[in-house]
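So the structure is just underneath, and the comments pick up after that.
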Amino acid sequence: MAAKYNLDRTERQMMIGSPSNETILQQLRSGIASFEIAASPVASLSGQCRRSTHHLTSSAAASPGFFARIGNPVGVGSPAMRKVERYSVRKVTGDGRCLFRALVKGMAINKGMRLGPREERESADELRMAVKEVICDNEKERFQFEEALVAITVEESLKRYCQRIGRPDFWGGEPELLVLSKLCCQPIVVYIPEHEHGGRGAGFIPIQEYGSEFHKGPEQGKLQKAVRLLYTGRNHYDLLV
């Protein structure tokens, strides 16, 4: 699966006209473009935090479908999302689990914990299987994650997706971030390197945020730290701290 961040090219296409299907799919794979639910017969997610996939409940019956439109690439026309920020990069093993590894590593660091190699790998696989559980194994729970479903099925059938996500070398992206931000009650911000946006510095530019509603932690007045992921044009995620 090839996907590359190139905001300058995207901006030109937006000024000229609608981007091609291939461009849209590339943007969705890598998180530059996002889905916006325009109208849906499915009840929306409640604000309640869902920390365990075993305790999810569905507030809506099975739906005949839902409607969505593809939003503008994140960051285009948004000065706040163009701001260059400075962090240190924590490298993540590129074994197909990099998104899930980066997430568990970031959440552990936010809690003052350190994971060994085995714990990191096993925890990454648990996150992947948690997504599989809610999207593939329970039809009622599935429709609580309608944005993720749209992101999945725009490119492949749900059946094919569910076959792939069961493998340990499955590459995570937009759908998994949409699901996991809610399952883990975790704000997640995705960045790209400044130089990939035409800059000359060594900073990082935020392009998408998931789970922003969870910035306020479960304890009154306590803020939930975001996990900051670095996406590069090599289809790889590292962690920013």
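The values are calculated or read from the model by the stated rules, or taken from the named source; none is laboratory data. Quantities reported herein were computed from a predicted structural model and do not represent experimental measurements. Counting neighbours? That spans all protein chains shown, and the Cβs are built from the backbone with ideal geometry, glycine included.
At a glance:
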quantity: Near pairs, Cβ below 6 angstrom, 6+ apart or cross-chain, from the range 143-170 (free of Cβ contacts under 8 Å to residues at least 24 places away in the same chain) to any residue that is in a loop (DSSP other than H, G, I, E, B); calculated: ARG164/PHE170
quantity: The lone exception for GLU155 - which of (1) surrounded by fewer than 19 Cβ atoms within 10 Å (Cβ to Cβ); (2) assigned to a helix (DSSP H, G or I); (3) touching a helix residue (DSSP H, G or I) at 6+ places or on another chain (Cβ under 9 Å) it fails; calculated: (2)
quantity: Residue, nearest to THR93 (Cα to Cα), within the range 140-152, restricted to residues that are at pLDDT 95 or above and either among the β-branched types (Val, Ile, Thr) or assigned to a loop (DSSP other than H, G, I, E, B) (or both); calculated: ILE152
quantity: Number of positions in the range 147-179 that are aliphatic (A, V, I, L, M), out of contact with any Leu (no Cβ under 7 Å at 6 or more places or on another chain) and within 29 Å of ALA226 (Cβ to Cβ); calculated: 6
quantity: Odd one out for GLU209, checked against (1) farther than 15 Å from ALA102 by Cβ; (2) part of a helix (DSSP H, G or I); calculated: (2)
quantity: So ASP125, is it surrounded by fewer than 19 Cβ atoms within 10 Å (Cβ to Cβ) and assigned to a helix (DSSP H, G or I); calculated: yes
quantity: Qualifying residue in the range 220-234 (condition: charged (D, E, K, R), part of a helix (DSSP H, G or I) and without any contact (Cβ under 8 Å) to a residue 40 or more places away in the chain); calculated: no
